[in-house]
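I have placed the structure first, in the form of structure tokens, so that the comments after it can refer back to it.
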Amino acid sequence: MRLLGALLIAPAAVSATISFELMRSTTDSPHPHLGKRSTFVESIANNVTGGGYYLDVKIGTPGQDARMILDTGSSDAWVVSTRADLCGNARLQRQYGDSCGATYNESKSSTYSLKERNGFQIRYLDGSAARGDYIKDDFTIGKTTIKGLQMGVASTTVRGTGILGVGFSSHVTAKEKYPNIIDELVAQKIIQTKAYSLWLNDRRSPSGRILFGGIDTAKFIGALKVIPLIPDVTTKNITSFTVALSGFDIELSNKTKTKIDLRSDSNPALLDSGTTLTYLPAAMADKVFAMFGAVEDKNVTGLAYVSCEYLQKEKDMVMSFTFARGGGTIKVPGYEMILDVVRNLDGFQTPKGLPFKDVCLFGIQSTGQFAQQYNSLEGADFTLLGDTFLRSAYVVYDLDHNQVGIAQANLNATESKIVNLTSSDNGLPRLTGVASQVVNIAVQTTVTGADGLPTVTTTEVPAASESKNAAAGLVVGLGREVASLVGAWTLFAVFGGVFFVL
């Protein structure tokens with residue numbers, strides 16, 4: 001996610017929906033297949049830390065393999081050039097803790113065209129950047145090809161994996177705005193409307209799914225709540241998937257509930273799949289840290305750590321996030337927030353002086369660590385709801401109507417029941433998913449796997465009855481403006497043993 005100063009039934013020619021499966025990066029390349037309703041499935045990877053969702057694509061003619069991070073918090077697609085400085089420089093690889101995988105060579109593509117030399121540049125929170133050319137080339141996911149997609153090719157980068165931004169095209173980094181992948185999916189009649197649904201599934205699952213142009217009612221529980229997005233105070237435009245968070249509380253295993261005060265009744269919060277963890281304003285995060293005895297490493301990693309004993313001690317703990325304007329509540333289980341991943345990250349050194357031996361990474365972090373970049377703590381006072389939150393939610397991103405739909409995720413669901421979104425819709429339909437969790441999830445909180453994650457086992461139970469999925473009404477994303485989210489366009493990833501602030 002990129003840094004900003006302020007936060008700113010279908011025609012025959014159009015496919016109903018296309019769906020791409022999200023899968024672990026440690027597996028072999030997935031084999032795409034066609035499913036019902038011309039739905040197309042492809043893979044994205046959930047890395048060992050439980051965050052970072054990857055999509056395998058092909059670029060050019062003939063297709064060159066590339067792996068890209070799916071990011072709802074940015075808008076450009078960019079890949080790593082064969083000529084990138086990181087790829088051939090061992091010193092840079094040691095410095096950034098990353099190396100290059102598959103790269104793009106424009107000279108090997110017959111459909112390549114240069115759009116703007118040296119025109120691509122994204123600057124990140126730590127002051128580093130990815131830079132290179134803007135090009136156009138064919139972009140293929142599974143068997144779906146987008147002709148002449150404009151994207152960046154990074155010749156200077158701190159990471160060896162590109163990013164697929166699926167945000168608003170008004171937020172691309174180019175001086176001259178251009179249609180991004182969401183725009184092209186509609187323009188090339190692959191889907192009808194600029195909308196997609198994201199179901200990340202739980203952090204031990206090998207797969208999740210992104211569905212373009214539709215909603216899968218088998219993947220969420222109860223009513224899909226529709227929330228208008230918050231416009232940027234300065235521009236008055238919608239430029240991000242920012243919603244109003246109205247409540248946050250923590251219920252411990254003994255049923256004691258603690259309400260964490262927000263700075264306002266409508267605290268802006270960015271829904272961002274490109275952020276591995278969840279970041280709260282310092283005042284909120286400090287209260288949460290105090291509850292769990294979490295300690296921030298302000299000298300080296302900038303991260304907060306907590307004792308792994310909470311995986312046992314508070315195995316029934318739940319964090320609840322409530323959204324304003326009828327957005328409902330999403331409940332996040334404790335095992336999504338107490339992350340036993342530190343011990344097995346290559347090259348990672350646990351900070352010295354922590355008051356506990358079994359060190360876990362905390363799924364809640366503080367934005368106070370970024371105060372220096374913003375020259376004040378107030379400037380860093382923002383909320384990002386990253387993967388540790390999003391895995392518990394089913395989210396529909398509607399760019400045509402400036403709204404999102406959100407519901408509790410039906411984890412590890414194996415069936416699909418897809419509702420197509422059409423160009424005639426005036427907003428997201430009112431839909432209801434399954435009545436309750438269809439798969440019973442049992443969490444074994446002792447560490448058993450080589451990756452250091454708690455084992456999650458699933459047991460099939462009879463499916464709950466589903467209500468009719470036809471649209472019962474339409475919700476239009478209208479609402480008053482509230483305070484903007486400041487400085488939230490950053491990309492975080494715990495990857496390969498190193499925490500990147502990109």
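The values are calculated or read from the model by the stated rules, or taken from the named source; none is laboratory data. Keep in mind that this is a model prediction, so the values were computed, not measured. Cβ: placed from backbone, ideal geometry, glycine included. Neighbour counts: every protein chain shown.
Taking each residue of the stretch 231-248 that is of a type in the set (D, E, K, R) and looking for partners that are modelled with pLDDT of 90 or more with beta-carbon atoms closer than 9 Å, six or more apart or interchain, yields Asp232/Ile238; Asp232/Thr239; Asp232/Ser240; Asp232/Thr242. Looking only at the stretch 142-172, residues that are part of a strand (DSSP E or B) and either small (Gly, Ala, Ser) or outside the structural domain of Gly101 (by TED's automatic domain parsing) (or both) come to 6 in all. One residue stands out in the stretch 173-200 among those that are outside any loop (DSSP other than H, G, I, E, B) and hydrophobic (A, V, I, L, M, F, W, C): the one that is surrounded by the fewest Cβ atoms within 10 Å (Cβ to Cβ), namely Ala187. Condition first: assigned to a strand (DSSP E or B) and under 29 Å from Gly405 (Cα atoms). Now tell me which residues in the stretch 257-299 satisfy that. Hits for the stretch 257-299 are Lys257, Thr258, Lys259, Asn267, Pro268, Ala269, Leu270, Leu271, Thr275, Thr278, Tyr279, Leu280. For the stretch 261-276, the tally of residues that are surrounded by fewer than 18 Cβ atoms within 10 Å (Cβ to Cβ) and modelled with pLDDT of 90 or more stands at 1.
The conditions are (1) at pLDDT below 85; (2) part of a strand (DSSP E or B), and Ser15 fails exactly one of them. Which is it? Every condition holds for Ser15 apart from (2). When you scan the stretch 244-256, do you find a residue that is within 29 Å of Val172 (Cβ to Cβ) and either assigned by TED's automatic domain parsing to the domain that holds Phe292 or assigned to a helix (DSSP H, G or I) (or both), even just one? Scanning the stretch 244-256 turns up at least one residue that is within 29 Å of Val172 (Cβ to Cβ) and either assigned by TED's automatic domain parsing to the domain that holds Phe292 or assigned to a helix (DSSP H, G or I) (or both).
In the stretch 284-299, the residue that is surrounded by the most Cβ atoms within 10 Å (Cβ to Cβ) out of those that are over 15 Å from Glu314 (Cβ atoms) and either among the acidic types (Asp, Glu) or under 24 Å from the mean Cα position of the chain (by Cα) (or both) is Ala285. Of all residues in the stretch 308-326, those that are more than 20 Å from Phe248 (Cα to Cα) have Cβ atoms under 7 Å from Cβ atoms of residues that are among the hydrophobic types (A, V, I, L, M, F, W, C) and surrounded by fewer than 22 Cβ atoms within 10 Å (Cβ to Cβ), 6 or more apart or on another chain, in Cys308/Val359. May I ask you to list the residues in the stretch 219-243 that are out of contact with any Phe, Trp or Tyr (no Cβ under 9 Å at 6 or more places or on another chain) and either in a loop (DSSP other than H, G, I, E, B) or among the basic types (Lys, Arg) (or both)? Correct list: Ile230, Pro231, Asp232, Val233, Thr234, Thr235, Lys236. Condition check: hydrophobic (A, V, I, L, M, F, W, C) and crowded, with 20+ Cβ neighbours inside 10 Å. Does Val226 satisfy that? So Val226 passes the test.
A single entry from Tyr96, Tyr104 fulfils the requirement of being closer than 12 Å to Ser81 by Cβ, aromatic (Phe, Trp, Tyr) and assigned by TED's automatic domain parsing to the domain that holds Lys189: Tyr104. Per this entry, Ser170 is counted among residues that are surrounded by fewer than 23 Cβ atoms within 10 Å (Cβ to Cβ), touching a Lys or Arg at 6+ places or on another chain (Cβ under 9 Å) and not aromatic (Phe, Trp, Tyr).
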